[in-house]
């Protein structure tokens, strides 16, 4: 079952996505590959229904902690622990290591227009729903038979359009997918989209904690938006903190069976810090039952600490990195582990693989 919380981030209504993030004196670069193809649209058979049978869920949002944190390639050090689903056309993943100076937010916008229960129009007797299914390493959100609140104004007060679409969050394949199902769009609404455009795409925001108490400042706003015809959209990439709402979008709702896929892959990591260069060695890597760390440049001070996380963001180990016995990993399952070393003038992040 979905575990709802009272937490709601104010930036959920902002926009976002990608190419570089600054964290711990490093610049992390992420490449995004966009692809488009056709598939058969298959509604979810089993899922949690967030909206229930109420006719008053327009404008709502649902925020909950994930059972397992989501990690994407190139962003492994930023596990997304919280998800937000809103009726106003955005899905959000939030990284919330509040003790760290940086936070990463990923936003997905398959269709930025507020959806509403069809029953809000007294002449309708059909129902819409927003559904959510958590498969552990794969999340799916479906907007099923939903109406558009803008038709209260432009379509003579009647909710005549119906749309279906879903979002697949697939970190195993480093992908996000927008899948569009059968839809019926009223002619006045079609004209509205042609004039106003539909913002569609993904965003990444980086926030820096500038003082105690959770006061954050936006330091990166990178986006990858679709523009023009939904059958053959062009891609608009950029970064603009001052204008966080680019005026790029599609001129119509995508046809039935359309899939837009965004795939993440790391480019490289390059130092951008005035800190002295370090040569941290993690060995053996890959390893089996024990790993060791060595500072080949200056050695460790008494203040040095090493922490190790698994890919779900769970802290497994924390101690001084100079422990001559190394780190006992015998009980850890095979896989990828994130290592963070901190010393007086050193902040370093690395990866270790257990065979």
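Nothing in this text is a laboratory measurement; each read-out follows from the coordinates by a stated rule. Computed from a predicted structure; not experimentally measured. Note that we place each Cβ from the backbone using ideal geometry, even for glycine, and neighbour counts take in every protein chain shown.
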How do 198, 154, 280 line up, fewest other C-beta atoms within 10 Å first? 154, 280, 198
Starting from 0.36 nm per residue, how many nanometres of slack lie between residue 283 and residue 125 once their C-alpha separation is accounted for? 50.4 nm
So how do 224-230, 333-339 stack up, highest first, on mean other-Cβ count within 10 Å? 224-230, 333-339
How high is the relative contact order of the range 280-354, in percent, with contacts defined as C-alpha pairs under 8 Å that are six or more residues apart? 34
What is the order of 193, 283, fewest Cβ neighbours within 10 Å to most? 283, 193
For the range 103-223, what is the per residue volume of the convex hull drawn over the alpha-carbon atoms, in cubic angstrom? 158
For the range 52-169, what does the relative contact order come out to in percent, with C-alpha contacts under 8 Å and a separation of six or more? 20
Work out, step by step, the length gained on full extension between residue 37 and residue 187: first 0.36 nm times the residue separation, then minus their alpha carbon distance; give nm to one decimal. 51.4 nm
